[in-house]
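Rule-based calculations on the coordinates, nothing more; no lab input. What you are looking at is a predicted structure, and each value in this text was computed from that prediction instead of being measured. Glycine gets a Cβ as well: all are built from the backbone with ideal geometry, and neighbour counts include every protein chain shown.
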Amino acid sequence: MIRVAVIGAGHWGPNLINNFSTSGRSEVRYVVDVDADRCAAVRERFPSVKTSSDLGVALEDDELDAVVIATPTQTHFELAHQALLAGKHVLVEKPLTDSSQTSLQLCQLAEKVGKVLMVGHVFLYNNAAQRVKRSIEEGELGRIYYLSMVRTNLGPIRVDVDAAWDLAAHDISLANFWLDSSPLSAAASGGGFINSGIADVVFATLRYPGDILVNLHASWLNPRKAREITVVGDQKMLTFDDTSAETPVRIYDKQVLAEQTHPEFVDSFSSFRMSVKEGKMEEPSIAKGEPLRNECEHFLDCIEGNAIPVSGGMEALSVVRVLEAISKSMATQGREVRVGSQ
Ligand SMILES: NC(=O)c1ccc[n+]([C@@H]2O[C@H](COP(=O)([O-])OP(=O)(O)OC[C@H]3O[C@@H](n4cnc5c(N)ncnc54)[C@H](O)[C@@H]3O)[C@@H](O)[C@H]2O)c1
């Protein structure tokens, strides 16, 4: 049995407590939250769990294997650092920390102490997202031109981070995973309408190697819940709608064809005729699954030494670097900013 402490029992923490309590391979021994009411709510729902406002109580338990952190982003570094130093494996909610410098520090510490550092980029554990990765990797879509990623809803409105760090973090992790790279630059604009200085809406354009463009629209100030991703390749095109339980992925046999009509005028625009192919649309069947359950099980596999984190510290550090570039670009009226690599 892998013994776990969950830190933070607000909106998201109870989902993690539930998964690690029901896995069959793990037990939640402690829940730590600075808010006594949250601790009381946990004891009511999970009577066998010990609660505390102090992480130190859990870390002193030599039998404790892992710490799972679901607190506001600004607290991630301190809590994860403490847990790793105490020799515990760590699963921390996204984004890893609020700076690439502290994210890198955690990666280095995890390496030094030989413990798993995994980050809750839950969309990577979504079966439909895995199917999209296969389509891209196997060349079904051909050369990728661009991705459009829309993630909107009305709320929840956060005050600890802006819409990029909260919402676009998911899309950046997906784009990096699918394209197996990270962007070279970011240009972004944001608007903070509700709380000054905290963007409720962010529009960002990322440039990936190979001239691939990724456009992000992330907002918690929108009338409609949307999780809409479009991937356009030169052979086929694909949509991924995470709000659709039955058919989240659709693959369109659509493309633009260029037929050379006057081979004698090589390289001349007028020597080609463009036409569009409107082929069939396919809805691949995708096994139903619970992404958070998959994520938690993967963390346990990693602790047992049977897997390497799909969303490990280094992958999460790449996401944080992109988020930093987006923030920097927003602060400079949308200037294109290089994504850091050091
Ligand atoms: N993967 C997802 O889809 C997803 C969804 C929601 C939230 N999250 C992430 O989960 C994390 C928490 O988000 P939330 O919405 O649950 O926030 P929340 O504000 O609802 O809950 C945070 C909890 O942490 C507690 N807390 C704060 N500082 C603490 C500390 N130092 N020690 C112990 N407890 C502390 C608070 O009392 C609160 O109960 C964030 O990183 C967020 O990005 C991820």
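Can you tell me, using C-alpha contacts under 8 Å and at least 6 residues apart, the relative contact order of segment 195-292 as a whole percent? Write down the numbers at each step before the final one.
Numbers: 140 pairs, mean separation 16.7, N = 98.
Result for segment 195-292 is 17 percent.
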- Over the chain: helical MRE at 222 nm, DSSP H runs n ≥ 4 each giving -39500 (n - 2.57), nearest 500: -9500 deg cm²/dmol
- Query: In debye, nearest 20: dipole of the chain around its Cα centre with unit charges on the Cβ of K, R (+) and D, E (-)?
  - Reply: 380 debye
- Query: Once both axes come from the Cα atoms, what is the angle between helix 127-137 and the longest principal axis of the chain, in degrees from 0 to 90, rounded to 10?
  - Reply: 40 degrees
- Query: Cα convex hull of segment 132-282: mean projected area in nm², to one decimal?
  - Reply: 11.2 nm²
- Message: Using only the Cα atoms of segment 65-144, what semi-axes does the equivalent ellipsoid have when each is the square root of 5 times a gyration tensor eigenvalue? Give whole Å, largest first.
- Response: 30, 13, 12
- For segment 10-124, the dipole about the Cα centre with charges only on Cβ (Lys and Arg +1, Asp and Glu -1), to the nearest 20 debye, works out at 300 debye
- Query: What angle do you read, to the nearest 10 degrees and between 0 and 90, between the alpha-carbon axis of helix 169-179 and the longest principal axis of the chain?
  - Reply: 50 degrees
- By Cβ neighbour count within 10 Å, fewest first, F193, F77, F123 rank F193, F77, F123
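Under the Kirkwood approximation for Rh and a Cα-based Rg, what ratio Rg/Rh is obtained for segment 7-117? Please report the intermediate quantities before stating the final value.
On the way: Rg = 13.4 Å, Rh = 14.1 Å.
That ratio is 0.95, to two decimals.
Over every pair of different alpha-carbon atoms in the chain, take the mean of 1/r and invert it; report that Kirkwood radius in Å.
After inverting the pairwise mean of 1/r, the radius is 21.4 Å.
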- Once both axes come from the Cα atoms, what is the angle between helix 13-22 and the longest principal axis of the chain, in degrees from 0 to 90, rounded to 10? 80 degrees
- Query: For all pairs of alpha-carbon atoms in segment 202-342, what percent lies in each bin of width 5 Å, listed from the first bin to the last filled one?
  - Reply: 2, 7, 10, 11, 14, 16, 14, 11, 7, 4, 2, 1, 0
- Item | Phi to ³J(HN,Hα) by Karplus 6.51 cos²θ - 1.76 cosθ + 1.60 over segment 278-293, Hz, x for Gly, Pro | 10, x, 6, 10, 10, 10, x, 7, 10, 4, 5, x, 10, x, 5, 4
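What is the local net charge at L154, summed over the other residues whose Cβ is closer than 12 Å to its Cβ (Lys, Arg +1; Asp, Glu -1)? Walk me through the intermediate numbers first.
On the way: positive: R224, K225; negative: D200.
Once positives and negatives cancel, what remains is +1.
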- Charge dipole of the chain built from unit charges on the beta carbon (Lys, Arg +1; Asp, Glu -1), centred at mean Cα; most positive-end Cα among S275, L64, G313 is S275
